[in-house]
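Shown next, in structure tokens, is the structure this report addresses.
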Amino acid sequence: MSVMPHPRADAALACLAGKSSERHQGRAFSSDLSVDEAVLLKEIGYEPKGLVVGSAVYHIGIQYANWTTNQEMGDLTQAMYQARTEALTAMERHAQQVGGQGVVGLKLEVQIHQGNHPLAEFVAMGTAVANPNVKSSGIWVSDLSGQDLYLLIRAGYQPIGLAFGACVYHVAHQRLGAWVGQQSQNVELGNYTSALYEARELAMTRMQQEAQRSRAHGIVAMRIEQKSHMWGSHVIEFLAIGTSVRLVAAEHRKIAPELSVSLDDEMVPVTDAAPAAGGAAEG
Amino acid sequence: MSDEAAAAAQQRQLASIASLERGGLPLAAQERIEELREGKSAWTSDLSVSEMAAIQHAGFEPVGMVMGSSVYRIAAQWGYTTVYGLGGATGGGRVRTYPCPHGFYGYGVGSEHRTGYNWEHRFYEAGITETRDAALRRILEEAQGLGAHGVVGVRILRRHLEGVGNSLEFTCIGTAVRRRGGPKLRSPFMSHLDGVAFSKLLHGGYVPVALVMGIGAMEIDPGCGTEWALRSWSNTRIQQISDGIEEARMLGINHLEAEVATVDADGAVGVETDLSTYELGGESTLVELFLLGTAVRRYAKEPLDEPPLPIMRLR
């Protein structure tokens, strides 16, 4: 059987056999980028610099709320916000140490450790990247995947940083009388609507203000997370989070995608606005 | 079973163990590899159809499935409880102390005031690394026996054996591939990425080199300052635990990057992270970060043969 000529495969094996190779400059890196991400980032000039993490473990105390009122839990909002900021700052410090200009595929998670004392661990983790041809002072952080970033930068935008706003809200319990009175009708539970509505709006407003402070032109891939963590059902944290971007090119560059019809049998899942978590191995 | 058959089986067992001790493969593995190499049996692979196509597109062909496995007893650090000032630091790992913030120096059992320690479990880290090394050596030996250039889609199984104290099984299984007429390599390459990713990697100008791992294990023995903060009613950052977890993560990443440098690669991609915590009795906790990735080396300057084509899927 004759062998199909394949210069790339031959070059790769020659490199492994210890002959010519085109080596990466600088220290060895680790990254949780998938192969697609690593290759696409290289395509726009970014080199991975290393996996970076920051964490903050918080003891989140209790704040009492009036059983029958809708109100924001100011102390808790403050604590959640501060803990995330600390984890991010620690991660940015780490990114600076390894010579990064930005962090892609950020995962910002809260893990609750239920033990004798409930603890919340805030973890920020991503891959630091740098483009040797770009001068930059600060570190930008983004939860976009490498693919998203490739498109964004090709279209003429630059990520500026993460924008997020948090709001921990107590939703009032209904009075018994009202509950009994409503059993036989279809009614809007105004109390719930307004509480959830207001909490989301507050979180989004804070996020927008953050983006404005960093003089962004917009926020992409924004999403709202809604979690009760360890507080039970009536206290909810709303977290609005996205990547703020600025148009750095003279104008938006058109990408003009080709249309394609997949011949695969399976349904292609619709990718929603939430960016793919940069992590897992290419599947 | 007759006595003779039983004796023969017993002999075979002993021969396998002796072979493992000499750094070789058990008899069953040797025979299977022999059979595959001589072309007596069809080649085997766990590749999907698209992986198969991708590997051939990259100029390679599958040779057979290969495996490496090792079961170890990890030294008794699992049950290691706090021995303040002793034990912990003897392995030469990282240690950080958290003195009593109230100015008491006397610490001991039953005392409300004591010093906290965060220290690295060096023996534990070394034990896991050794187990992994043995398993990888065996899978590479199988691959070499088949005359393969590399192994792709390596899956890692890491588990505790039920009923065997402090045991760890480390097993890796993947598909060996080769390029007909390619140069002989001193050691075949390994990748935990699937066949499609392997092809993309190759066309993207990188070649996988080896499977690399990083492990960071830190024990946190809380001091009284930490205990007090845990009981507080206010929202506070717990410094000692934050430090312990961050240290474990840093150790894991540093160890991974050190392995990347050892195999003379440029970096690691597709790193998977796994953070687990174990209660050690008392208030002590072991935090373990396990990282696994594929080390890659760059062989071509230009990133891709052709620039990527943006497409919009019409389903």
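The values are calculated or read from the model by the stated rules, or taken from the named source; none is laboratory data. None of the values given here were measured: they were computed from a predicted structure. Note that we place each Cβ from the backbone using ideal geometry, even for glycine, and neighbour counts take in every protein chain shown. Surface areas here come from the heavy atoms of the whole protein model, side chains and all, with no ligands, DNA or RNA. Shrake-Rupley method; radii C 1.70, N 1.55, O 1.52, S 1.80 Å.
Condition check: more than 9 Å from chain B (Cβ to nearest Cβ), closer than 27 Å to B:His255 by Cα and not basic (Lys, Arg). Does A:Gln96 satisfy that? Criteria met by A:Gln96.
Residues to consider are B:Asp133, B:Asp194; find the one that is open to solvent by less than 50 Å² (accessible area, probe 1.4 Å) and modelled with pLDDT of 90 or more.
B:Asp194
Residues of the range A:212-228 that are open to solvent by less than 50 Å² (accessible area, probe 1.4 Å) and modelled with pLDDT of 90 or more: A:Ser214, A:Ala216, A:Gly218, A:Val220, A:Ala221.
Might you check whether a residue that is under 23 Å from the mean Cα position of the chain (by Cα), under 28 Å from A:Leu40 (Cβ atoms) and touching a residue at least 12 places away in the same chain (Cβ under 8 Å) occurs anywhere in the range B:232-249? The answer is yes; a qualifying residue exists. Scanning the range A:74-107 for residues that are in contact with a Gly (Cβ under 8 Å, 6 or more places away or on another chain) and part of a strand (DSSP E or B) gives A:Val103, A:Val104, A:Gly105, A:Leu106, A:Lys107. Filter the range A:62-89 down to the residues that are facing another protein chain (nearest Cβ under 9 Å) and open to solvent by 10 Å² or more (accessible area, probe 1.4 Å) and list them by number. Passing the criteria: A:Ile62, A:Gln63, A:Asp75, A:Gln78, A:Gln82, A:Glu86. Kindly establish whether A:Val180 is farther than 30 Å from A:His59 by Cα and at pLDDT below 85. In short, yes.
Scanning for something more than 10 Å from chain A (Cβ to nearest Cβ), surrounded by fewer than 24 Cβ atoms within 10 Å (Cβ to Cβ) and among the polar types (S, T, N, Q), does the range B:168-189 turn up at least one residue? Scanning the range B:168-189 turns up at least one residue that is more than 10 Å from chain A (Cβ to nearest Cβ), surrounded by fewer than 24 Cβ atoms within 10 Å (Cβ to Cβ) and among the polar types (S, T, N, Q).
The set of residues in the range A:127-148 being within 14 Å of chain B (Cβ to nearest Cβ), touching a helix residue (DSSP H, G or I) at 6+ places or on another chain (Cβ under 7 Å) and open to solvent by less than 10 Å² (accessible area, probe 1.4 Å) consists of A:Ala128, A:Val129, A:Ser145, A:Gly146.
To keep it simple, each residue is scored yes or no on (1) on the phi < 0 side of the Ramachandran plot; (2) within 13 Å of the chain's Cα centre (by Cα); (3) basic (Lys, Arg).
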{"position": "B:Ala261", "(1), (2), (3)": "yes, no, no"}
{"position": "B:Val271", "(1), (2), (3)": "yes, yes, no"}
{"position": "B:Tyr278", "(1), (2), (3)": "yes, no, no"}
{"position": "B:Gly281", "(1), (2), (3)": "no, no, no"}
{"position": "B:Leu286", "(1), (2), (3)": "yes, no, no"}
{"position": "B:Phe290", "(1), (2), (3)": "yes, yes, no"}
{"position": "B:Val296", "(1), (2), (3)": "yes, no, no"}
{"position": "B:Pro308", "(1), (2), (3)": "yes, no, no"}
{"position": "B:Arg313", "(1), (2), (3)": "yes, no, yes"}
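The residue list B:Val177, B:Val154 contains one member that is in contact with a Pro (Cβ under 9 Å, 6 or more places away or on another chain) and either in a strand (DSSP E or B) or among the aromatic types (Phe, Trp, Tyr) (or both), which is B:Val177.
Name the residue that is least open to solvent (accessible area, probe 1.4 Å), counting only residues in the range A:103-117 that are modelled with pLDDT of 90 or more and not aliphatic (A, V, I, L, M).
Only one residue tops the list, namely A:Gly105.
Across the range A:12-49, the qualifying residues are those that are at the interface with another protein chain (Cβ under 7 Å from one of its Cβ atoms) and in a strand (DSSP E or B), and the one among them that is modelled with the highest pLDDT is A:Pro48. Taking strands (runs of 3 or more DSSP E) as the structural unit, those lying wholly within the range B:261-315 and holding at least 1 residues that are open to solvent by less than 80 Å² (accessible area, probe 1.4 Å) and facing chain A (nearest Cβ under 7 Å) correspond to B:267-279, B:285-298. Taking the stated definitions as given, is B:Glu112 without any contact (Cβ under 8 Å) to a residue 40 or more places away in the chain and either away from chain A (no Cβ under 14 Å) or in a helix (DSSP H, G or I) (or both)? No: the conditions fail for B:Glu112.
If the condition is being of a type in the set (Val, Ile, Thr) and in a strand (DSSP E or B), then the range B:195-241 contributes B:Val207, B:Val209, B:Val212, B:Ile215, B:Ile220, B:Thr236.
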